[in-house]
Each structure stands twice: as C-alpha cells, then as structure tokens.
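Read-outs: derived from the displayed coordinates by stated rules, not from any lab. All of these numbers come straight from a predicted model, not from anything done at the bench. Cβ coordinates were reconstructed from backbone atoms using ideal geometry, including for glycine residues, and neighbour counts include every protein chain displayed.
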C-alpha cells in the first residue's frame, strides 16, 4: 500500500533513530547509522554503514509515476553509500545511487536517477534534477541547479548559483541536451550553462558568465556570451607576497579548499616510490596536522589503508 510506514528496518549494530522517524518496506541500515527525528525513509532504501542523517530528511520520495497511478507503482531502489552525511531537510527521491562519503547541506534535493560518485559535496538548497551523473570528489556549492542529463566529471568545482539548462525551446522536451563538465573544471558563481555545452578538462569559467558554446581544455572563458580569454594555466594568485599559479589545482590545493575530502592531501605521499610504510605514515600525519582539523585525521588514515593503486593514481593526477 502507498505511504505505509509501519515497517521495521533491517538494521545493523549500533543503529539508532529519533522520534517520529518512520520506515517503508525493505529498508536496510548499515552498522552505526544514525538518523534524526521526523524522517521518512521510503521503500527499498539502503543506507551505508556509519552514515549520519539529520532531522526531517526524506529518502525514497516517490516519482511522478506514483502519483499518476499509485496502485501500480513499483518503488525504485535507493542507495546511500557508507560514511555519508545527509543534513536536515534534504529530499532524496527513489532511484538515487550515491557513493561513499556523500555530504549534503540543508534542504538539498536529489531527484530520481541521479548517479553520484564518491566523496561528493552538495550544498544547501542545491537541486539536482535527476537522470544525471556526478563523478568523484565533486563540489557543488549552495543553490546550484543541475538540469537533467548533466554530466559532471571528477574533481569539478561549481560555485553558488551555477545553473545548467537542458531545454533549448521549452516545452519541446524531445530536444533536451545535457551539459558536460570536464574533470577539474571550475565554474564561477551565477553562471548559466546552455543546453549541450561541453566544458573541457581544467577549464575555468568566470563568475556571471553565460556559456553558449563549448570551452576547450585548459581555457579561461568569461562574459555574456562567454569567450575564451586565455589559457587557465596562465592564471595566477597571490599568497601573501608570493605570486603563484592558480590552476590547474594540484591535490593539496583542492583539499585546503575542501577539507571534507581531506584524503586528497595525502595522495602524492601515498604514491611516492619505494617509500618505507612507517615513514609514509609519519609524513601523512604531518600533512594532516598542517591542513586538517584533528577530528578528521582518523578518517584520513582509514582512507589511506583502503586506497587502491587506481584510486591513488586518480587522486594524485595533475596536469603539466
């Protein structure tokens, strides 16, 4: 029956939830999951171990198909990866698949069919319209709107009020074209990306731009309409009296701006050839103490212990 929440979840050890929280059919909670008060966890939702869910969160929200024909609706499985943090007021529709370490701000919305990678941050009031893909270690600031069919590749960084549009001539829905944002791309605040636009690897888009055409790899573009101005590798910033190259972002710069994904700060140390393990651990702890809060260090050390060669290679990759 629709909206029947009298079920008990299949809960691992040390799980707990607050008053007023209800569960649908087939809910699975990993070990140590903590859920706040007045949450609604719908049918076929799986929440990974060590995940924290704030108050008044909805997971497994039904799609439009449910309201059109409630009696025939079959809920889609919803999965939230381990060690995630879902803040109060977030709504996650059925059919969302999110990897390890997802972090949302307050009142974020993830529509059906979103495929979210590992260690992704989604800021408060951001709206992911579904049927889209977000890679690993992506940061979406507050009030970002991603239209359907958008693809955001690994390590991209979108500042507040970035909007991707997928429909050239509303409401001609059969012409929907998703935006494709390449690895390490940086999109400034209040930027509009028009349907079908492709942003290249390490491209940088200035704030308040309107992007109507493709932007090549390593390009810096700005304006309305946005035009390529220079190579992003020629952009510099001041660090005190020192002038340094601003892009591309190496791993340690990324992590200083995004401490939740603090594991990036240690990737190059992990990959150092012929390094003594004890010496590597000492260097990692030193790096953590310089860049991260003390409570984050245990998480980083667990991450290092589980790091695979392919993961490490991706994390340490920077362009010349």
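Could you please rank 93, 137, 67, placing first whichever residue has the fewest other Cβ atoms within 10 Å of its Cβ?
Least to most surrounded, the residues fall as 67, 93, 137.
How large is log10 I(q)/I(0) at q = 0.14 Å⁻¹ when the Debye formula is applied to the Cα atoms of region 16-65, each weighted equally and without solvent?
-0.30
Which of rounded, prolate or oblate describes region 53-120 when judged by the alpha-carbon gyration tensor and an a/c cut-off of 1.5?
prolate
Across 10 Å bins from 0, what is the distribution of all Cα-Cα pair distances for region 112-151, in whole percents?
With a bin width of 10 Å, the distribution comes to 35, 63, 2.
Using only the Cα atoms, what convex hull volume per residue in Å³ does region 9-134 have?
81
Return, for the Cα atoms of region 10-232, the radius of gyration and Dmax in Å, separated by a comma.
Rg and Dmax of region 10-232, Cα atoms, are 18.3, 57 Å.
Give me the Debye-computed log₁₀ of I(q)/I(0) at q = 0.27, 0.28 Å⁻¹ for region 174-244, equal point scatterers on Cα only, no solvent, two decimals.
Ignoring solvent entirely, the Cα scatterers give -1.19, -1.25.
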